[in-house]
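Let me begin by presenting the structure, written as structure tokens, before commenting on it.
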Amino acid sequence: MRVNFTVNGRPQEADDVWEGESLLYVLRERLGLPGSKNACEQGECGSCTVRLDGVPVCSCLVAAGQVEGRDVVTVEGLADYAKQRAEHGGCASGACGTSLDEAQQWQAKGTDSQTGEGTELSPIQQAFIDAGAVQCGFCTPGLLVAADEMLERNPNPTDADIREALSGNLCRCTGYEKIMDAVRLAAARQGEAV
Amino acid sequence: MDFLRPASWEEALAAKAEHPTAVPIAGGTDVMVEINFDHRRPEYLLDLNRVGDLYEWEVGEESVRLGASVPYTKIMDNLRAELPGLALASHTVASPQIRNRGGVGGNLGTASPAGDAHPALLAAGAEVEVASAARGTRLIPIDDFYTGVKRNALQPDELIRAVHIKKADGPQQYSKVGTRNAMVIAVCAFGLALHPETRTVRTGIGSAAPTPVRAKAAEEFLNAALEEGGFWDNGKIITPSVAKQFADLCSAACNPIDDVRGTASYRRHAVGVMARRTLTWTWESYRGTRRASEGAA
Ligand SMILES: Cc1cc2nc3c(=O)[nH]c(=O)nc-3n(C[C@H](O)[C@H](O)[C@H](O)COP(=O)(O)OP(=O)(O)OC[C@H]3O[C@@H](n4cnc5c(N)ncnc54)[C@H](O)[C@@H]3O)c2cc1C
Ligand code: FES
Ligand code: FES
């Protein structure tokens, strides 16, 4: 079957989709967006977390056909998504978003602290780099999407709020302390910016 | 496989009537796991995401009519006052991502003895509203809904429209044993609701029998003991011997198995502990509100 939906603010069409396929599979294998990771395919790890109509979900548990006509944000579109939110309170015009090409090429270069070069990251992405919250990086995309959504809802989270919001995301490397640091850092920077 | 995409409740019922083997998919948090792991290859998937009615709830005089697909997150955020037991139970389900998608309709559809909604529904008192294109709507009392391990009273052409849950008229609690706070299927679970209006107590036990069950003998014992001692009126502390007998009877209501999550004897023991604790918590809360209202009077 064919599925039409919006990915990172741009309309996309996925063809030859098998009816039992997950959104995660469509994103990775049909649209060439491997940012959302596949680790468990059973909702346990959160590494496939995306936003579906704004709500964080495990894309491995959403059937492809269920996203017809709906709006998905993946980690590849997170930088632009956060920018639009900060500048305009969201994308109203429909002219923003991240094209499939850009999304496929997307790399977390960050801003080099010495040269100031590189692509602009969302505050949460930059905070993960600055706090050293990325080791193997497999859990990172899911954590970024989940953490960004929490900060959108709750700009001044307590540690308990952060733990709760990230309780569906597993990391086997960091021991979570640096991840906590990163989210606190992003929250603090967000507070300063206002 | 075919993907059926009804746009309304009537269309959904018509599709289910035409294809009784179609597997409904709401949040997909049970169904997709089975498909991803090739445990299930249904001929038809019946997507319920477009049926807006299933995502709504209405708070009535006596009860809440909770649409089958209302996600747990919404229950926690919006119905904590009316359905405290179910809201507490919802909060123990999996993780935010799962709670954003999964709901009570899916929990009832799966009818796992470990489903967290069940003990809360049993304790609060509820009826499941189901419908078919051929025979219209019927209400199934929650006590008759669970018919076996992962089996329920639905006919092949029926869908769950909503659950009618009695609004809380007193304190409710939900307790669950697991290895950590997030993302655990219950080793066993216990729900308890005080119903001061009818001077009754209701219970629900999860994961300690082939189906979710009430501890009816324990309820009857406690109802009689509370009545006899005038507890509802005098608001005294529950006698430890009464609490112990109640806990023992709750343990006795279990018919558990040994499995990877725990042994049968552990489950029996833990249900007794949770029964005593939830009784104490709810009763203390009842006494507190009684005192407050007496103070005001
Ligand atoms: C990682 C993970 C952790 C989990 N942890 C818990 C937990 O802690 N506690 C717990 O209780 N559950 C848990 N679950 C199971 C699951 O999330 C719940 O059972 C949830 O309530 C299912 O809801 P859903 O809408 O996603 O159901 P779906 O997967 O869409 O459907 C489940 C079943 O119900 C049927 N169904 C759905 N809607 C209807 C309807 N309207 N009419 C008739 N049949 C219907 C489907 O055909 C299917 O058989 C977990 C699942 C995962 C993946
Ligand atoms: S891959 Fe989806 S939760 Fe693990
Ligand atoms: S950084 Fe390796 S899993 Fe989290």
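Quick notes
- Semi-axes of the equivalent ellipsoid for chain B, Cα gyration tensor, largest first, Å: 35, 21, 16
- Per residue, the accessible area of chain A comes to 45 Å², computed with a 1.4 Å probe over protein heavy atoms only.
- For the stretch A:3-73, the spread of Cα positions along each principal axis, largest first, Å: 28, 25, 19
- Delta accessible area of at least 40 Å² on complex formation, residues of the stretch A:1-42, 1.4 Å probe, chain isolated as reference: A:Trp18, A:Glu19, A:Gly20, A:Glu41, A:Gln42
- The separation of the stretch B:53-80 from the stretch B:124-158, counted between C-alpha centres, amounts to 18 Å.
- When only alpha carbons of the protein assembly as shown are considered, Rg and Dmax amount to 24.3, 81 Å.
- Cleavage-rule hits (GluC sites (Glu not before Pro)) in the stretch B:58-111: DSSP loop, at most 13 neighbouring Cβ within 10 angstrom: B:Glu61, B:Glu62
- The heavy atoms of B:Lys150 present about 130 square angstrom of accessible area, all protein chains included, probe 1.4 Å.
- Compactness of chain A was expressed as the Cα radius of gyration divided by 2.2 N^0.38 Å, which yields 0.98.
- Among beta bridges that DSSP assigns inside the stretch B:1-84, antiparallel share in %, nearest 5: 35 percent
- Cα→Cβ-extended label distance, 7 Å offset, between A:Glu102 and B:Trp9, nm: 4.3 nm
- Projected over every direction and averaged, the convex hull enclosing the alpha-carbon atoms of the stretch B:157-201 yields 5.4 nm².
- Taking every DSSP bridge with both residues inside chain B, close to 85 percent are antiparallel.
- Carbon/sulfur fraction of accessible area - the protein assembly as shown, other protein chains in place, 1.4 Å, %: 49 percent
- Against the empirical 2.2 N^0.38 Å (N residues), the stretch B:30-163 has a Cα radius of gyration ratio of 1.02.
- Isotropically averaged projected area of the stretch A:79-193, using the convex hull of Cα atoms (one quarter of hull area), nm²: 7.8 nm²
- Listed pairs A:Lys178/B:Lys74; B:Lys167/B:Lys236; B:Lys74/B:Lys216; B:Lys16/B:Lys216; A:Lys37/B:Lys16 exceeding 27 Å between Cα atoms: A:Lys178/B:Lys74; B:Lys74/B:Lys216; B:Lys16/B:Lys216; A:Lys37/B:Lys16
- Value of D in µm² per second that Stokes-Einstein yields for the stretch B:172-296, Kirkwood Rh from Cα pairs, at 25 °C (0.890 mPa s): 164 µm²/s
The values are calculated or read from the model by the stated rules, or taken from the named source; none is laboratory data. This one's a predicted model, so the numbers in the text were calculated from it and none came from an experiment. Methodologically, a virtual Cβ is constructed for each residue, glycine included, from the backbone with ideal geometry; neighbour enumeration extends over all protein chains shown. Quick note on the areas: whole protein, heavy atoms, side chains included, nothing else; ligands and nucleic acids left out. Shrake-Rupley method; radii C 1.70, N 1.55, O 1.52, S 1.80 Å.
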